[in-house]
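What follows draws every value from the coordinates through simple rules; no lab data is involved. Predicted, not measured: the structure shown is a model, and the values here were computed from it. Note that each Cβ is placed from the backbone with ideal geometry, even for glycine, and that neighbours are counted across all protein chains shown.
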Amino acid sequence: MEKFSRYIPDLDSIRGDLTKITLNEGDNLKNVRNYQKIVKVLIDRNVSSDSLVIALGCGEVLDLAGFVVSTYRGGMDYIPVPTTLLAQIGNSVSGLAGINFSNHEDVICSRSTPSEIIVDSHYIRSQTNDEIRDGFVEMARYGLVADHSMISMIMTAEDVRSFRESEGICKIIGKGMRIRAEEMSLHAGKKNIATDFGKTIGSVLGEIHRNKVTYSQYMSTGMLMEFFLAERSGISVKNQRDTLNSVLDRFGIKRSSLKEAGIETIVKKLSERFPGERSTIDLLVPDEPGKSQRIEIGKDRLFSLLRSYTELYEFIPSQ
């Protein structure tokens, strides 16, 4: 409300009752406590199910709002207004809304279909460099798994600043939204779809490194790591991996460290996501845009490959 006040209309002038709920900016907004607080406000204000919810904010705000509208009194109309590049091309069109629980991300989920989505490029021009880099990594994912022209479009920018000031920013955002929406529509209800590439390992790194590294750092490392596992499984993805590295280098996106996260911790957390008698983790890795291959890796071999990755890409010789 403070940062974008000049872009927000005077909602007090609308007809009917208006309820405003403001969250303090910070980590882990989409938790059960905030969900309970919001629902309590809606109940106390006697907000009906035929009301309209407008959610303005980052991806966490949109996920929380989407979960509220899909569960409160059987569902409500909903318009997300994403204020970050990542939210504009991801959370706003994903069709899913999840909240975190007990240090696990998005384990409580529901489906949420907005009435419409309002995207304003002015928000992007106010973004920090790291926030824009988060969006770049998401767009790079879409280019790798679905449409390589997405990569070409973002690589026309020399750096983060030139992208922020680019006249073609709306075209790039629109392209990213369409790719995400088409993938979600094509694979509705399915788990582990192509646009989830890198998230299996990346989200684990995010949990371990919480507040210490950015989304772009841990998610890009997740993609690089899954490419590495694919190569060691006999799938030729080197060109794809080189393309991703080019994007990361162009925009100064750092990689997170597997060594600092701890290989044993990574394997343990991955095992928690594949519980029971399963002895393998299942990954879907793009070997070219529009074509992905599924690989299964045993947990013991995974430990060995993670160690090999750190030796190849994170080894720093002693001085």
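Lys299 label point, 7 Å along Cα→Cβ, cut-off 14 Å on backbone N: hits in segment 90-120? Output list for this probe position: empty. Can you tell me the 0 to 90 degree angle between the C-alpha axis of helix 199-208 and the longest principal axis of the chain, rounded to 10? Relative to the chain, helix 199-208 is tipped by roughly 80 degrees. Note on Lys238: lysines with a C-alpha under 16 Å away, same-chain residues under 8 apart excluded, are Lys291. Oblate is the label for segment 220-264. Its Cα gyration tensor axes, ordered a ≥ b ≥ c, give a/c of at least 1.5 and b/c at or above a/b. Angle of helix 169-186 to the longest C-alpha principal axis of the chain, folded into 0 to 90 degrees and rounded to 10: 80°. Dipole size of the chain about its Cα centre, with +1 on Lys/Arg Cβ and -1 on Asp/Glu Cβ: approximately 400 debye, rounded to the nearest 20. Given their separation in residues at 0.36 nm each and the Cα-Cα distance between them, Ser152 and Arg178 gain 7.8 nm when the chain is fully extended.
Give the order of Lys171, Lys30 when sorted by the count of other beta carbons within 10 angstrom, beginning with the fewest.
Values: Lys171 11, Lys30 25.
With the fewest neighbours first, Lys171, Lys30 line up as Lys171, Lys30.
A straight Cα-to-Cα reach below 15 Å connects Lys171 with the aspartates and glutamates Asp120, Asp147, residues fewer than 8 places away in its own chain not being considered.
Scanning residues 5 or more positions from Thr83 or on other chains, those with amide H under 5 Å from its amide H are Gly57, Cys58, with H placed 1.01 Å from N in the peptide plane. Label zone of Ser308 (point 7 Å out along Cα→Cβ, amide N under 17 Å): in segment 214-232 this covers 224-232.
Karplus-derived 3J(HN,Hα) values for segment 50-61, using 6.51 cos²θ - 1.76 cosθ + 1.60 with θ = phi - 60°, are 8, 7, 10, 9, 10, 10, 10, x, 6, x, 5, 5 Hz; glycine and proline are entered as x.
Residues Phe197, Phe274 in ascending order of nearby Cβ atoms (within 10 Å, fewest first): Phe274, Phe197. Bridgeable aspartates and glutamates around Lys259 (alpha carbons under 18 Å apart, same-chain partners fewer than 8 residues away excluded): Glu207, Glu226, Asp300, Glu311, Glu314.
Distances between placed amide hydrogens fall under 5 Å for Glu288 paired with no residue 5 or more residues away or on another chain.
Considering segment 178-298, its Cα convex hull presents a mean projected area of 8.2 nm².
Rounded to the nearest 0.05, what FRET efficiency is calculated for Asp242 and Thr22 with R0 set to 30 Å and r the Cβ-Cβ distance?
Efficiency for this residue pair is about 0.10.
Applying 0.36 nm per residue to the separation of Arg15 and Lys40 and subtracting their alpha-carbon distance, the gain on full extension is 6.7 nm.
Compactness ratio for segment 1-151: Cα radius of gyration over 2.2 N^0.38 Å (N = residue count) comes to 1.07.
If you fit an axis through the alpha-carbon atoms of helix 299-313 and take the longest principal axis of the Cα set of the chain, what angle between them do you get, 0 to 90°, nearest 10? That helix lies at roughly 80 degrees to the long axis.
Relative contact order for segment 41-120: what percent, with Cα pairs under 8 Å and sequence separation of 6 or more?
Numbers: 148 pairs, mean separation 24.6, N = 80.
The normalised contact order for segment 41-120 reaches 31 percent.
For the pair segment 1-75 and segment 147-163, the centres of their Cα atoms are 33 angstrom apart.
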